[in-house]
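For reference, the structure is listed below as structure tokens.
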Amino acid sequence: MRQSKTKQADESVNWQQELAKDIASFSLNPLAYSLYAFPWGERGLTGHKGPRDWQRRIMLDIAAHLANPSKRFQPLQIAVAAGNGVGKSSLVSMLTSWALDTCEDARVTVTANTEPQLRTKTWPEITKWKELAITKPWWTIGATSIRSADAGHADHWRADMITWNEQNPAAFQGLHNVGKRILLVFDEASGIPEAIWDAAVGSLTDENTEIIWLAFGNPLQSTGAFHKCFGIRSHRWIHYNIDARTVEGTNKDLFKQLVDDYGEDSDIVRVRVRGEFPRVSSTQFLNQDTVYKARKFRSEGHQGLPRIMGVDVARFGDDRTVAIMRQGRMSRLLFKNHGLSTSETAEKVIELWQKEKPDAVVVDGDGLGAGVVDHLRYRGFGTGLYEFHGAEKPQDGAMYANRRAEVWGQMRDWLNEGAQIPDDPELEQELVSIQYGMNVRGQIQMEKKSDMKARGYASPDIADALALTFAVKVRARAKLGPKDAPRFGEYAWMT
């Protein structure tokens, strides 16, 4: 009897050794790991033969990256915008299990758009798959962490569920694991503020470390850091848009009903079915397509029109002072900088004034801008100078709550009709990021700069400078010819 128990113990040890050897062989191959480690066709995976096709593509991307010596220790960033029901959470769970099992002392951090999403959906799915894995005995699975069952490794071989605080994103600044592996997962990434994304960048700096950053979610907002993964930061990310109708096992009848009810190109179908960003969010003031077209638009026939320079003066350390010139349908950036005193800013404006010879200069006179206006007047540049105050009463009180909202509205009309802006992704982001609302009187009011910063966006300094050029009406320098009359009238009053 004793020999039998000894033999069984030896067989168990040998089996565990063989299992460890097999699992280690999948260190660079999450697809092969997933096919080996989970009970496909059984238990909670009845009817499934392995990962779905789109999940396999992501796994193969990871394998290709890790197999390339020149890339293996460079951060790999993958963003997936998908329709409903395609299996985003199950892919996150398989990759979390792979990352832990196949690299000693690996670290995994998982977060989501909200704490309820993280606690009730994302993390339970991860722990469910870890319970299914053949390596379950290797781990202690808890309510907020998965730790190595080996006491000597429990503190640093682990996965953690981390909630975030936009005002204190430090939890994402200290994720380091030099020489090992880091997996960072953002679930429902569209709702995670930019400040958290910026903090997470600090986790990408370790040398000789496998670093994988995954961002998954429905593409709910046509602004924000997740949207940038498919736009101005797309060169940093491998990015996929997954149409739920192309994924095996999804509810095709429901998707057909949505298309029939709302239309193929409706925002609800774009987001929930096609995995594409909405054309415009309900609170987004400027349409993404319009702004992008303005970057590529080239104005003609504007040379005889008045030149109006807008100057937005920096209020805080991170803000910038910006000067921009608009002439009819054309605009160009003249200057942007931060850290200047009011006198230095005023002298820079004078330099531009003398060089560009604008017909009008509009300076935001709120905050530090008042000192710039005073200095310009003191230096004898009062003629053609206009001081702007965003809180003043608008000319169109039925439409707008104040002058700032009014000039932004006039700028939007200008863009919608076809206009040229600097081909600058930073300006595009500022224009499409700002939101608006309606007050109790039904007037449009723009989001405050402080509120944008609270959402993780930079102050829209360039966009505000451009909007200032709509604060005055200036007669054209010369009478226009007949061919210009239909568009501008006999004289151009640029608003």
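When the residues of the stretch 268-306 are filtered to those that are over 19 Å from E188 (Cα atoms) and among the acidic types (D, E), the one that is modelled with the highest pLDDT is E300.
Go through the stretch 224-263 and give me each residue that's touching a Gly at 6+ places or on another chain (Cβ under 9 Å) and surrounded by 16 or more Cβ atoms within 10 Å (Cβ to Cβ). Within the stretch 224-263, G224, A225, F226, Y240, N241, I242, D243, A244, R245, V247, T250, F255 meet the criteria.
Among the residues making up the stretch 356-401, those that are among the β-branched types (V, I, T) and either under 18 Å from T321 (Cβ atoms) or touching a residue at least 12 places away in the same chain (Cβ under 8 Å) (or both) are V361, V362, V363, V372, V373.
Put simply, of A199, A170, A189 the only residue that is of a type outside the set (V, I, T), touching a Phe, Trp or Tyr at 6+ places or on another chain (Cβ under 6 Å) and over 18 Å from L118 (Cα atoms) is A199. Selection over the stretch 411-436 of residues that are outside any loop (DSSP other than H, G, I, E, B), in contact with a helix residue (DSSP H, G or I) (Cβ under 8 Å, 6 or more places away or on another chain) and among the hydrophobic types (A, V, I, L, M, F, W, C) gives a count of 5. Checking the structure you have, find out if any residue of the stretch 81-95 is within 23 Å of the chain's Cα centre (by Cα), of a type outside the set (G, A, S) and surrounded by fewer than 22 Cβ atoms within 10 Å (Cβ to Cβ). Checked against the condition, which is being within 23 Å of the chain's Cα centre (by Cα), of a type outside the set (G, A, S) and surrounded by fewer than 22 Cβ atoms within 10 Å (Cβ to Cβ), the stretch 81-95 yields at least one hit.
With respect to the conditions (1) at pLDDT 95 or above; (2) closer than 12 Å to F285 by Cα; (3) of a type in the set (S, T, N, Q), T469 falls short on a single one, namely (2).
Quick check, is I324 surrounded by 16 or more Cβ atoms within 10 Å (Cβ to Cβ), of a type in the set (V, I, T) and within 27 Å of the chain's Cα centre (by Cα)?
When the stated conditions are applied, I324 passes them.
Of all the numbered requirements in (1) touching a His at 6+ places or on another chain (Cβ under 7 Å); (2) surrounded by fewer than 22 Cβ atoms within 10 Å (Cβ to Cβ), K355 misses one, and that requirement is (1). Return the residues of the stretch 168-181 that are at pLDDT 85 or above and surrounded by 13 or more Cβ atoms within 10 Å (Cβ to Cβ); say none if nothing qualifies. Within the stretch 168-181, H176, N177, K180, R181 meet the criteria.
Within the stretch 152-167, residues that are free of Cβ contacts under 8 Å to residues at least 60 places away in the same chain and buried (at least 18 other Cβ atoms within 10 Å of the Cβ) sit with their Cβ atoms under 8 Å from residues that are charged (D, E, K, R) and outside any loop (DSSP other than H, G, I, E, B), at 6+ positions apart or across chains, in these pairs: W157/R107; W157/R147; R158/R107; R158/R147; M161/R119.
The values are calculated or read from the model by the stated rules, or taken from the named source; none is laboratory data. None of these values were measured; they are calculated from a predicted model. Virtual Cβ from ideal backbone geometry, glycine too; neighbours counted across all protein chains shown.
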